[in-house]
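Student: Quick one: the structure is below, questions incoming.
Derivation of every value follows stated rules applied to the coordinates shown; laboratory data play no part. These figures come from a predicted structure and were not determined experimentally. All Cβ positions, even for glycine, are placed from backbone atoms using ideal geometry, and neighbour counts span all protein chains on display.
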Amino acid sequence: MAYLLGSIPVLELVIENPFTRTLYPTEGIALGVIDMGFWGFLLVPWEIFTLLGFNELTLDERELVMADSHRVRSHGTYGKAILPSLGLSFEGLHRDD
């Protein structure tokens, strides 16, 4: 389900490493912020990225330029986002932040 949390648009989701079938969270759902200015698939905190074992897969490394011109080194690999309440799932490049 998508809704506003205060004035922030969010989605209920589960993140999966499709190679190990590891899920985050292991029970229930997480909330993801919908950011229309983000170019990419899914950006997750490093702690979740490593918990899912994405750091153990072959990583794509990029330098991202933030809106304030600050540059950040990012790592990415293939993963899956599941939207249980909508019965949808999407696969693509997960990135750490």
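Student: In the range 9-83, what GluC sites (Glu not before Pro) fall in a loop by DSSP, with at most 15 other Cβ atoms inside 10 Å?
Tutor: Glu27
Student: Give the Cα extents of the range 2-96 along the principal axes, in whole Å, largest first.
Tutor: 35, 35, 20
Student: Would you compute, from DSSP H runs of 4+ residues alone, the mean residue ellipticity of the chain at 222 nm, taking -39500 (n - 2.57) per run and dividing by the full residue count, rounded to the nearest 500?
Tutor: The per-residue figure over the chain is -1500 deg cm²/dmol.
Student: For the chain, which chymotrypsin sites (Phe, Trp or Tyr not before Pro) are both in a DSSP coil and crowded by at most 10 other Cβ atoms within 10 Å?
Tutor: Answer by residue number: Trp39.
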